[in-house]
Amino acid sequence: MNTKYHVIIAGAGVAGLYAALCLPKDITVLLLSKQSLEVCNSSLAQGGIAAVYNPADDDNYNLHYHDSLRAGGFKNNPETLWKLVSEAPLDIERVINFGVDFDKDSCGNYHRTLEGGHCRRRIFHYKDSSGNEVTSRLREQVLSRDNITVMSEAELCNLKCTHTGFSADVLFVGEKGDVTPVQNGTVPANLQGGHHETFDCAYFILATGGIGRVYERTTNASIATGDGICIAYELGAKIKNLSYIQFHPTAFNDKSETGTRECFLISESVRGEGAYLINRDGRRFMADYDPERMELAPRDVVSHAIISEAKKLSSDEFYLDITHKPADFIREHFPAINKFLLSKGIDMTTDKIPIYPCHHYLMGGINVDVTGQTSVNRLYACGECAHTGVHGQNRLASNSLLEALVFGRSCAEQITKRLREKPVNPEKLTTYRFLRRFDAKPIPVGLRTKIREIMQKACFVFPDMGEVKRGLPEVTRIKEELENGNYIVDANYVEAKSLATVAYLILREII
Ligand SMILES: Cc1cc2nc3c(=O)[nH]c(=O)nc-3n(C[C@H](O)[C@H](O)[C@H](O)COP(=O)(O)OP(=O)(O)OC[C@H]3O[C@@H](n4cnc5c(N)ncnc54)[C@H](O)[C@@H]3O)c2cc1C
C-alpha cells in the first residue's frame with residue numbers, strides 16, 4: 001500500500017472532494033473520510049448554492065456582497081468575501097460540468113430560489129436536496145480519478161510537521177477499511193478496524209467540517225466533532241472566531257419518542273417561498289422584531305426573535321406555515337421535506353410545521369488567508385472547519401457550499417503552484433514515528449454528554465455569562481485529562497478530545 005502522497009486531504013464533503021478534483025492528475029492525493037463517504041454535512045444541505053451567475057441580469061456581485069455583509073454584521077473580511085462572490089460563477093460552471101443537475105424552469109434557464117437575507121433569487125438548487133446532488137456527482141468524479149486514493153472509515157487522529165511536510169496518524173475504524181480504488185481488487189489486510197497507519201505528504205488540506213456535536217441539539221451529521229480544528233490548534237495554527245456560531249431558526253421540533261439529537265432542518269427556502277413564522281397564538285411575531293424583512297430576515301435575527309418570544313410567552317411552541325400555497329407547488333418544491341414530515345404524521349400542505357432553533361453552523365475556525373493557507377506552512381484548510389472571514393458573525397444562507405467550492409479550489413491551485421515551482425518526490429518524504437500507547441484504557445463514560453450539557457447551557461443563541469464562567473474550568477479539566485491521561489486512541493477518544501478542545505476555545509473566547 002502506498003503511504004506517501006503529494007497531498008493528503010482529510011474530509012470528503014464538498015470542500016475535500018472539490019479540492020481533490022481541482023488538483024491536476026499528475027499530483028497524487030489521499031482523501032480520508034472518517035465514516036462512510038456519504039456521512040457529512042454537505043450531503044444534508046437542502047437549500048442550495050448562492051451565486052450570481054449572469055451579472056447582466058437584475059443581480060450583480062455588489063448586491064451579493066452587500067447581502068453577505070449585512071447578514072454578517074459587517075464583520076466579514078472584504079477581500080475574501082469579494083473573492084467568494086466574484087468567483088462563484090466559475091465554480092458553478094465547473095460543478096455543472098462535473099454533472100450536477102441544478103433545477104431549470106420551463107424555458108430551460110436555471111431556476112433560482114430565494115432565501116433569508118438575499119435581495120434577489122440567486123440560489124442554485126436541486127429540489128430540496130442540493131447537497132446530496134452535489135456530493136454524489138463530485139464523489140463519482142473523485143472515484144474515477146487514478147491519482148486519487150479514497151479511504152473511508154479512516155480517521156485522522158494526529159498530524160505532525162516533518163522536514164518535508166506532514167506525517168498523519170490514521171485509524172481505521174470500520175470492520176475493514178474501505179479503500180477505493182481497491183488495490184488489485186483486494187482490501188489490504190493491514191487496514192482492519194482498530195489498526196493505525198502512518199501516511200506522509202508534502203501538503204495537507206484539512207476539510208473536516210463543523211462542530212455541531214458539541215451541542216445537545218444540532219442539524220449536523222455525526223462526523224461534526226471539530227477534529228480538524230483540534231488538530232490544527234495542537235499544531236499551533238491560529239484559530240479564529242470560534243464563538244461565531246449560527247443557530248438555525250427552523251429545525252423541526254420533534255417532541256416524539258423517536259426524536260433524535262440530530263435535528264431535521266426545515267430549509268430556509270420554505271420561508272423564501274412564502275412560509276409564515278407563527279407563535280403559539282398563530283401570530284406572525286416577526287412584525288415585532290424585524291417588520292421590514294419579517295420571515296426573510298437573516299438567521300441570527302430570526303433565532304433571536306424566537307428565543308425572545310419564547311421567554312415572553314413561556315412557550316417553545318413555534319410553527320412554519322406554508323399551507324396558503326398550492327399543495328402541488330409545495331410537493332414539487334419540497335419533496336424531501338414533505339416526505340420526512342409525512343413520516344412524522346405532518347402534512348405540510350395542510351398542517352403547520354413545529355420548529356425551534358438549534359445549532360447549525362460554525363463561521364469561525366482555522367484561520368486561513370485568501371489562498372486557504374493556515375498559519376502553519378504547507379497546511380491548508382477549507383470548508384466549514386476554515387475561517388476565511390467571508391461570513392462575518394452570521395452566515396448568509398447558501399454561502400457555505402459556495403465557500404467550500406471557491407476556497408477548496410483555491411487551496412488546490414495554491415498547492416499546485418507551489419509543487420510546480422518546487423517539485424516534490426513523495427518517495428523522499430520523511431516519516432514521523434508516532435508513539436503507540438500500550439496498557440492504555442478507554443476514556444471515562446459520560447465526558448461527551450457533560451461537554452454538550454455545558455455548551456447548551458452556556459451559549460445557545462444568547463451566551464449566558466454565568467454558565468460560561470462555570471463551564472470553562474470544567475471543560476478545561478476534561479481537555480487536560482484527555483490530553484495527559486493514558487487513553488486508547490480510538491474514535492471515541494479522538495472525538496471527545498476534539499469536542500473538549502472546541503468547547504474550551506469557544507468559552508475562552510467569550511469570557
Ligand atoms: C442540514 C444542513 C443543511 C444545510 N444546508 C445548506 C445549504 O442549503 N446551503 C449551504 O451553502 N450550506 C448548507 N449547509 C452547510 C453546509 O452543508 C456545510 O457547511 C458544508 O457542506 C460543509 O462542507 P465541508 O466539506 O466543509 O464539511 P462536511 O461536508 O461536513 O464534510 C466533512 C468531512 O470531513 C470528514 N472528517 C471529519 N473529521 C475527520 C477525521 N478526523 N478524519 C478523517 N475525516 C474526517 C468527514 O468524514 C467528512 O467527510 C447545511 C448544513 C446542514 C447540516
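Points to keep in mind about this one:
- Scanning segment 214-257 for residues that are over 29 Å from residue 152 (Cα atoms) and polar (S, T, N, Q) yields 241, 243, 250, 253, 256.
- Residues that are open to solvent by 10 Å² or more (accessible area, probe 1.4 Å) and either under 15 Å from residue 12 (Cα atoms) or more than 10 Å from the ligand (Cβ to nearest atom) (or both) within segment 152-168 comprise 153, 156, 160, 161, 162, 163, 164, listed in sequence order.
- Of residues in segment 7-22 being more than 6 Å from the ligand (Cβ to nearest atom) and in a strand (DSSP E or B), the one nearest to residue 426 (Cα to Cα): 7
- Just one of the numbered conditions (1) open to solvent by 10 Å² or more (accessible area, probe 1.4 Å); (2) within 18 Å of residue 341 (Cα to Cα); (3) within 14 Å of the ligand (Cβ to nearest atom) is not true of residue 196: (2).
- Scan of segment 228-258 for residues that are under 21 Å from residue 302 (Cα atoms) and surrounded by fewer than 18 Cβ atoms within 10 Å (Cβ to Cβ), ordered by number: 254
- Meets criteria (within 24 Å of residue 209 (Cβ to Cβ), in contact with a Lys or Arg (Cβ under 9 Å, 6 or more places away or on another chain) and open to solvent by less than 60 Å² (accessible area, probe 1.4 Å)) for residue 73: no
- The residue list 25, 83 contains one member that is away from the ligand (no atom under 15 Å from the Cβ) and part of a helix (DSSP H, G or I), which is 83.
- Residue in segment 42-59 that is under 14 Å from residue 152 (Cβ atoms), near the ligand (Cβ under 6 Å from one of its atoms), crowded, with 19+ Cβ neighbours inside 10 Å and of a type outside the set (D, E, K, R) present: no
- So residue 353, is it open to solvent by less than 10 Å² (accessible area, probe 1.4 Å), in contact (Cβ under 8 Å) with a residue 40 or more places away in the chain, within 14 Å of the ligand (Cβ to nearest atom) and closer than 24 Å to residue 278 by Cα: no
- Residue within segment 103-113 that is within 22 Å of the chain's Cα centre (by Cα) and either aromatic (Phe, Trp, Tyr) or at pLDDT 95 or above (or both) present: no
- Subset of segment 217-255 (residues that are over 17 Å from the mean Cα position of the chain (by Cα), farther than 30 Å from residue 29 by Cα and in a loop (DSSP other than H, G, I, E, B)): 253, 254, 255
- Residue ID - surrounded by the most Cβ atoms within 10 Å (Cβ to Cβ), chosen from residues in segment 356-384 that are among the hydroxyl-bearing types (Ser, Thr, Tyr) and in a strand (DSSP E or B): 380
- Residue within segment 385-392 that is β-branched (Val, Ile, Thr), touching a strand residue (DSSP E or B) at 6+ places or on another chain (Cβ under 7 Å) and open to solvent by less than 30 Å² (accessible area, probe 1.4 Å) present: no
Conditions (1) away from the ligand (no atom under 13 Å from the Cβ); (2) open to solvent by 60 Å² or more (accessible area, probe 1.4 Å); (3) of a type outside the set (D, E, K, R); (4) in contact with a Leu (Cβ under 9 Å, 6 or more places away or on another chain), marked per residue:
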| residue | (1), (2), (3), (4) |
| --- | --- |
| 122 | no, no, no, yes |
| 127 | no, yes, no, no |
| 134 | no, no, yes, yes |
| 137 | yes, no, no, no |
| 140 | yes, yes, no, no |
| 145 | yes, no, no, yes |
| 150 | no, no, yes, yes |
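- Where a residue in segment 328-350 is within 16 Å of residue 271 (Cβ to Cβ) and its partner, wherever it lies, is at pLDDT below 95 and open to solvent by 50 Å² or more (accessible area, probe 1.4 Å), with Cβ under 8 Å and at least six apart: 333/127; 334/127
The values are calculated or read from the model by the stated rules, or taken from the named source; none is laboratory data. Worth saying up front: this structure is predicted, and the values here are computed from it rather than measured. Positions of Cβ are generated from backbone atoms using ideal geometry, with glycine treated the same way; all protein chains shown enter the neighbour counts. When the accessible area is computed, the model is the full protein with side chains, heavy atoms only, and any ligands, DNA or RNA have been set aside. Shrake-Rupley method; radii C 1.70, N 1.55, O 1.52, S 1.80 Å.
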